[in-house]
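The values are calculated or read from the model by the stated rules, or taken from the named source; none is laboratory data. For clarity, every value in this text was computed on a predicted model and none was experimentally measured. Here the Cβ positions follow ideal geometry from the backbone for every residue, glycine too, while neighbour counts run over all protein chains shown.
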Amino acid sequence: MRSPRVLLITDAGFSDDVALRTIDLVGRALPPGAFAVQLREKGRVDRAAWAGRVRDVTRALHVPLIVNGDVELARAIGADGVHFAGQTPASRVAEAVGLWRSVAVHADEEVVIAAGLGIDALLVSPIFASPGKSVPRGVDALTRARARVGASVHVIALGGVDASTSRACFEAGAHGVAVIRALLGAASPADVALGLVRDALLSAPSIVYPHSTDMTAAPTTYDETLRITTEILTSHVDLDRDIVATDHIQNDLGLDSLGVMEVVADIEDRFEVNIPTDTLSNIATVGDVAQALVKLKQ
């Protein structure tokens, strides 16, 4: 699975019906890969049965499901990932190999240690004031975390994130945001979720990646750039043929405006560039994308 832009964490403070309804509404509204669900309730007596119900709903929607801490349960229900608490032993994290894995970090010194576990994402918290959480760390914690791990591990903001604060998280370098009340307590969770994704895809953080791959040393030929661009596009569309340079991004690949925005965000992340708006307006085909990237990397 891909790291989500919006991660909904379930909470015992909301009824099962509210949780399942929210998952259904948001899962139908967002493009594939943008949304995932994290099952948190550890103390439920019927946790396995509840996990199975959530898995049935998320599977039908093609929405990834992540289970908190329980590798065995995750594998039993066919979940896509496991989230671990901070300072979980490396041996325990390794038991979830083959699944998407995230770790919670609450201090700067925990970031590099957690990233060294071979995980996919860090849940950095608490960013803003949130019930039951410690002193807010602010969005600078996201910037520091991303500077330490570069593009190899995604940074997800957790703690007090909602529609009014998500843009600041993305601008600080977060790949995604984890929310509870922002969606479970919303009158229209689909609209809120769409707003969060738009914030993600329209934000263009200027982050330095000291430990990431030096793309200026990578191949900058048109053919190599086209190959990488095609790989990225393939993960976003469902075609029964190979993508070619002459394919129109929307007419041939079937991407809507939100889907195009998500592709652009992934391409910018992979090539570590910001594609100017005037450049985007002149892009129509896959080949146009590759040509634009080659010029930007020169």
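Residue pairs, Cβ under 7 Å, 6 or more apart or interchain, first in region 1-24 and closer than 23 Å to Ala265 by Cβ, second of a type in the set (Lys, Arg) and modelled with pLDDT under 95. List them.
Final answer for the pair search is Ile9/Arg40.
Can you pull out the residues in region 184-214 that are at pLDDT 90 or above, outside any helix (DSSP H, G or I) and of a type in the set (A, V, I, L, M, F, W, C)?
Once the filter is applied, which keeps residues that are at pLDDT 90 or above, outside any helix (DSSP H, G or I) and of a type in the set (A, V, I, L, M, F, W, C), region 184-214 yields Ala186, Ala187.
Taking region 146-168 on its own, how many of its residues are crowded, with 18+ Cβ neighbours inside 10 Å and within 19 Å of Arg2 (Cα to Cα)?
Total meeting the criteria: 8.
Taking Gly98 and the conditions (1) surrounded by 15 or more Cβ atoms within 10 Å (Cβ to Cβ); (2) on the phi > 0 side of the Ramachandran plot, which numbered condition does it fall short on, given that it satisfies the others?
Against the list (1) surrounded by 15 or more Cβ atoms within 10 Å (Cβ to Cβ); (2) on the phi > 0 side of the Ramachandran plot, Gly98 comes up short only on (1).
Looking at region 143-168, which of the residues that are in contact with a helix residue (DSSP H, G or I) (Cβ under 6 Å, 6 or more places away or on another chain) and not in a loop (DSSP other than H, G, I, E, B) is farthest from Thr10 (Cα to Cα)?
Arg148
At least 3 residues that are in contact with a Lys or Arg (Cβ under 8 Å, 6 or more places away or on another chain) in each: list the strands (runs of 3 or more DSSP E) lying fully within region 79-131 that qualify.
Numbers: elements: 81-84, 100-105, 121-124.
Strands (runs of 3 or more DSSP E) meeting the threshold: 81-84.
Evaluate the following for Val179: is it closer than 22 Å to Arg40 by Cα, of a type outside the set (D, E, K, R) and out of contact with any Pro (no Cβ under 9 Å at 6 or more places or on another chain)?
yes
Take region 108-164 and flag every residue that is touching a strand residue (DSSP E or B) at 6+ places or on another chain (Cβ under 6 Å) and of a type in the set (D, E, K, R).
Asp120, Arg146
Quick one: which of Asp70, Asp56 is without any contact (Cβ under 8 Å) to a residue 60 or more places away in the chain and surrounded by fewer than 19 Cβ atoms within 10 Å (Cβ to Cβ)?
Asp56 is the lone residue from the list that is without any contact (Cβ under 8 Å) to a residue 60 or more places away in the chain and surrounded by fewer than 19 Cβ atoms within 10 Å (Cβ to Cβ).
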